[in-house]
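> Have a look at this one before I ask anything.
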Amino acid sequence: MDQYLSALRDFAGTLAALLGDYPLVVAWYTAVVRFLFPVLALLILVRSIRSLLTVPHLPEVWACLTLPNGLSQPLTHWENILGRSAASDVVLGYPTVSRQHAALIRAEGDRWTVYDLDSKGGVVLNGRVVEGSAPVAYGDVLSLGGVETVLLPVPPEERERRRRNRRERERPVSPWTGLFFLTVFQVLTAGQLLAAAGTGAPLTIPAAFFCLTAVMWGYFLAMRAIRRVGFEMETIAFFLSTLSLAVTASSAPEDLFKQLIALLLGLLLFVVLGVFLRDLDRVKAIRWLMAGGAIGLLGITLVLGALGLGQSRYGAMNWIILGPLSFQPSELAKICYIFAGSATLERLFRKRNLGLFLLLTLVCIGFLALMSDFGTAAIFFVTFLVIAYLRSGDWTTLALITGACVAGAGVVCSIKPYILQRFATWGHAWEQASSGGYQQVRTMSAAASGGLVGVGAGEGWLQNVAASDTDLVFGMLCEEWGLVIGVLAVLSIVTLAVFAVRACRAGRSSFYTIAACAATSLLVFQTCLNVFGSVDLLPLTGVTFPFVSNGGSSMLASWGLLAFLKATDTRPNASFAIRLPSWREPPVFLGQNPEQEVDLDA
């Protein structure tokens with residue numbers, strides 16, 4: 001290790017000396033890579049974006065339910081409503097069946113449970129009346145209001161045929177091309193940052209990018225070794241994280257390794273949380289703990305702030321300082337909040353009211369208001385609206401809640417009038433260029449000066465403005481990297497959102513659907529606040545750009561939220577939420593000749 005570090009130090013010193021002695025070489029290098037970066041970014045992202053936007057999301061079949069007419073109904077979700085309503089997953093058009101009669105839920109290990117949704121005709125399992133819920137085994141007779149059905153497994157031949165059909169039609173794009181171009185992008189970025197730093201270039205720049213590249217390749221190779229596919233989300237996240245390291249190296253090189261460590265911890269959180277979400281029984285068991293975690297993270301910020309261990313940045317007391325480390329608990333509280341707010345189907349029908357979730361939301365937003373972190377409070381509120389609608393579908397209730405919150409915001413603004421100053425500046429930044437609009441004016445000027453390809457990483461001047469690498473990072477991207485890469489970064493977040501919404505149509509569980517929609521709405525709304533706020537299209541609220549802004553807490557939260565989106569990926573072997581089939585499981589064919597298949601759906 002010492003030998004490697006010594007060689008790396010010698011290489012960095014030689015390169016810095018060479019570039020310092022030959023400024024013309026530096027100028028030519030910067031001029032060339034400025035035009036290469038947008039091309040590489042397109043090569044990295046276009047395939048992944050197109051794959052995510054065009055995947056068909058075919059339904060999965062987990063079991064079958066026989067019907068009285070002799071046909072069978074495939075169960076395409078882990079959670080299925082059985083009833084007379086046309087909106088039910090399994091429609092039983094008999095007058096003795098309630099509109100939403102029962103819920104048939106699948107758990108880890110292919111275990112099924114039936115829940116009586118307070119039906120009039122009742123639910124009978126193998127001749128015994130179901131009180132609340134009861135486990136269901138394959139072959140059991142389930143009577144709903146006197147209408148008998150039988151739960152049957154999917155035949156092995158049919159299961160294999162469907163799996164191969166989905167694997168063929170939902171085949172993800174190969175990750176290796178994008179990974180190769182992303183590696184080239186990272187190498188050229190490290191070279192450009194070294195060129196911009198000149199003879200004083202720190203060793204941390206090549207070391208950090210080398211570590212990022214090694215971890216990135218290690219992750220992809222490890223996932224492929226265990227037969228995982230579908231890495232478009234991770235490719236996008238690694239691309240944005242590369243921009244984050246570049247922004248940090250340009251504006252705050254002393255924080256580069258902190259940001260790298262946060263990225264690695266975020267990747268670990270992404271994998272651990274993705275695997276944890278596999279078992280919904282385990283998820284339901286700790287929902288209250290996660291609700292307590294959201295409240296605790298925000299509450300401890302207030303307490304430590306009162307004890308002098310907190311720090312106020314740009315008017316918001318939302319940071320905790322512990323020695324050399326600074327931490328923003330509200331970022332991780334976002335993950336806990338979504339985890340606690342999402343619900344599985346039987347809970348939606350057992351507890352329709354949103355009282356407890358609304359109470360959790362009010363406490364979280366109240367704590368954020370006391371910290372004067374109104375940007376994050378707005379993000380929590382928008383996330384609440386998404387979760388509340390998906391859990392209830394009641395527009396009237398949401399309208400009343402929104403009206404009450406708007407009134408509450410008015411009261412807060414009257415108590416803390418300085419908040420209105422940001423709204424007073426909104427749309428008038430050029431008129432207050434030396435006061436309230438100072439940051440927005442500098443951001444817009446820097447972004448305009450970057451043009452389409454930017455002035456080069458490390459060559460911009462916006463880095464000298466406060467919060468250039470956090471709240472104003474979009475302007476820094478446009479200045480140093482160009483409008484093309486700035487727009488691609490925004491488009492990457494939008495692509496993740498579109499994929500999540502489309503995947504939810506074939507979602508395995510309502511928990512995955514609600515969590516993914518909440519996470520993606522949070523990421524999109526936060527991106528909008530950051531981007532539009534920095535260019536004066538929205539009030540500047542002081543929130544980060546997911547994956548891109550400098551900040552360990554933000555990086556951790558971004559990777560954690562990505563796990564909710566990954567759980568909605570229904571492509572074979574793509575999501576951590578599904579266990580892979582055993583290596584020992586032999587392939588099953590429908591006929592004697594594997595090449596001759598019969599389409600049972602025809």
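> Kindly sort Val548, Val498, Val32 by accessible area of their heavy atoms, largest first, with the probe set to 1.4 Å.
Values: Val548 0, Val498 55, Val32 80 Å².
Result, largest first: Val32, Val498, Val548.
> If I ignore ligands, DNA and RNA and count only protein heavy atoms, how much of Arg162 is accessible to a 1.4 Å probe, in Å² to the nearest 10?
Surface accessible to solvent at Arg162 totals approximately 60 Å².
> Going by accessible area, probe 1.4 Å, with all protein chains left in place, what is the ranking of Tyr94, Tyr512, largest first?
Values: Tyr94 85, Tyr512 5 Å².
The ranking, largest first, comes out as Tyr94, Tyr512.
> Further question on the same structure: Hey, how many Å between the Cα centroid of segment 172-193 and the Cα centroid of segment 451-488?
Segment 172-193 and segment 451-488 have Cα centres spaced 20 Å from each other.
> Give or take rounding to whole Å, what are the principal axis extents of the alpha carbon atoms in segment 192-255, in descending order?
Largest to smallest, the principal-axis extents are 45, 18, 17 Å.
> Please list Leu277, Leu356 in order of solvent-accessible area, largest first, computed with a 1.4 Å probe with all protein chains present. It would help to have the intermediate numbers written out before the result.
Numbers: Leu277 0, Leu356 95 Å².
These residues rank, largest area first, as Leu356, Leu277.
> What is the set of long-range amide H partners of Val150 at a cut-off below 5 Å, with H atoms built 1.01 Å from backbone N?
Under 5 Å from the amide H of Val150 lie the amide H atoms of Thr66, Leu142, each far enough along the sequence or on another chain.
The values are calculated or read from the model by the stated rules, or taken from the named source; none is laboratory data. On a predicted model such as this, the values are computed, not experimentally measured, just so you know. We work out accessible area using only protein heavy atoms, side chains counted, and drop any ligands, DNA or RNA first. Shrake-Rupley method; radii C 1.70, N 1.55, O 1.52, S 1.80 Å.
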